[in-house]
């Protein structure tokens with residue numbers, strides 16, 4: 001197997017691991033509620049700490065990526081996720097569980113940014129939408145695994161054992177990254193700037209109007225998608241649609257598989273769409289706008305099968321990664337580590353905020369049974385974040401397509 005193939009495979013596995021950690025509490029939630037007595041708000045806080053740890057780490061790891069490269073940074077940092085999974089699996093209190101989730105989030109903080117940077121260093125520009133889509137598709141399989149497969153596994157092993165097994169798998173992926181691939185790209189053969197210089201560059205990216213123009217709408221939409229997929233989809237289907245547990249698990253897996261297909265398909269067609277005169281910036285925005293429409297239909301209870309809604313939601317949610325190709329076209333390659341991680345910081349802070357906010361809004365209503373809330377609670381909570389998506393989308397489409405920024 002060539003070095004390029006190993007880079008693609010091993011970094012994709014790293015993102016797969018991060019996706020498993022992201023959504024594993026969907027399967028664990030019932031056990032955490034019954035064994036430790038967590039409420040809806042508790043589950044929101046606990047699950048969202050993954051995203052907080054992820055977001056807090058983005059600026060330093062972005063600078064680290066552009067200083068030491070994706071292989072070293074990703075391979076070492078992901079070991080923290082393994083440690084966090086062990087802490088989580090051995091904990092008997094909310095505080096221990098919170099610490100474990102926070103450490104896990106720190107450990108996988110660079111998985112996507114490192115993968116995007118490694119692909120940009122290894123493959124030609126015209127192939128990046130397809131390659132990035134494939135990376136995210138493989139990672140997105142983790143979203144399918146936390147549905148029916150995880151539910152079946154938890155019939156055989158406890159959630160604690162599952163956490164420890166996941167920690168062991170994470171260590172294997174770390175070894176593959178550290179010892180299975182060779183470094184490539186513009187970091188090779190050039191003088192590396194100091195960490196201080198890198199951090200200054202990160203702040204410049206975060207202060208760029210172009211960066212916010214490109215990213216705000218995709219970030220708000222993606223944050224809602226991941227907040228729902230990684231926790232709130234299951235309570236929504238149970239409390240609003242009153243579906244049986246087995247059907248809900250199947251829809252969670254369908255959502256994850258559809259996101260995989262969406263990531264892969266959007267990457268394949270992106271360049272072909274450009275040949276028709278539609279730029280990648282506006283094509284990405286169109287797909288995200290369709291995702292907003294699907295959410296409106298779900299909340300309105302449109303008379304369509306649930307499988308249609310959630311397949312469409314997953315498919316369109318998976319296309320949000322096209323925005324990374326827009327960022328690659330706009331910013332210099334030597335800044336891509338910081339660009340990717342700065343964008344991830346925004347997305348994951350928003351996921352943290354949205355996941356908590358949804359839980360807090362839901363708890364404004366009295367539960368109709370332990371862990372069960374009125375349908376109106378879920379609908380109002382989701383509608384509030386949907387309004388933010390609409391507002392961000394208006395600015396996105398009112399702006400012109402971004403122009404490439406020259407280095408220096």
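Some points to look at:
- Extension gain for the segment residue 34 to residue 245, taken as residue separation times 0.36 nm less the Cα-Cα distance, is 74.4 nm to one decimal.
- Neighbour counts of C-beta atoms inside 10 Å place 326, 73 in the sequence 326, 73, starting with the fewest.
- Shape descriptor for the chain: Rg over Rh equals 0.95 (Cα atoms; Rh from the Kirkwood inverse mean 1/r).
- For segment 343-386, the square roots of the Cα gyration tensor eigenvalues, ordered a ≥ b ≥ c, give a/c of at least 1.5 with a/b greater than b/c, which places it in the prolate category.
- Extension gain from residue 41 to residue 304, taking 0.36 nm per residue of separation minus the Cα-Cα distance: 91.6 nm
- 0 to 90° range, to nearest 10: angle between helix 58-68 axis and the chain longest Cα axis: 40
- Short-range pairs are left out: with C-alpha atoms under 8 Å and at least six residues apart, the relative contact order of segment 11-126 is 36 percent.
- Structural descriptor for the chain: relative contact order 27 percent, calculated from alpha carbon pairs under 8 angstrom and at least 6 residues apart.
- Listed residues 244, 60, 235, most fluctuating in the chain (Gaussian network, C-alpha, under 10 Å): 244
- Helix 280-300 and the longest principal axis of the C-alpha atoms of the chain enclose an angle of approximately 0°.
- Going from the fewest other Cβ atoms within 10 Å to the most, the residues 183, 239 appear in the order 183, 239.
- Label-point separation in nm, residue 157 to residue 92, each point 7 Å along Cα→Cβ: 2.2
- Fluctuation leader among 96, 62, 139 - the chain, Gaussian network, Cα springs under 10 angstrom: 96
- Sorted by Cβ density within 10 Å, fewest first, the residues 111, 175: 175, 111
- Global form of segment 64-116, assessed from the alpha-carbon gyration tensor, a/c cut-off 1.5: prolate
- Relative to the longest principal axis of the Cα atoms of the chain, the long axis of helix 111-122 makes an angle of roughly 30 degrees.
- Backbone N under 14 Å from the residue 290 label point (7 Å along Cα→Cβ), restricted to segment 311-335: 311-322
- Most fluctuating residue given options 109, 377, 259, as computed from a GNM of the chain linking Cα atoms under 10 Å: 377
- Two-site label geometry, residue 380 and residue 275: point separation in nm, points 7 Å out along Cα→Cβ: 5.2
- Computed label-point distance, nm, for sites residue 200 and residue 6 using a 7 Å Cα→Cβ extension: 3.7
- The chain: calculated mean residue ellipticity at 222 nm from DSSP helix runs of at least 4, using -39500 (n - 2.57): -26500 deg cm²/dmol
Taken together, the values in this text are just the output of simple stated rules run on the coordinates, not laboratory data. What you see is a predicted model, and the numbers here were worked out from it, not measured in a lab. Note that each Cβ is placed from the backbone with ideal geometry, even for glycine, and that neighbours are counted across all protein chains shown.
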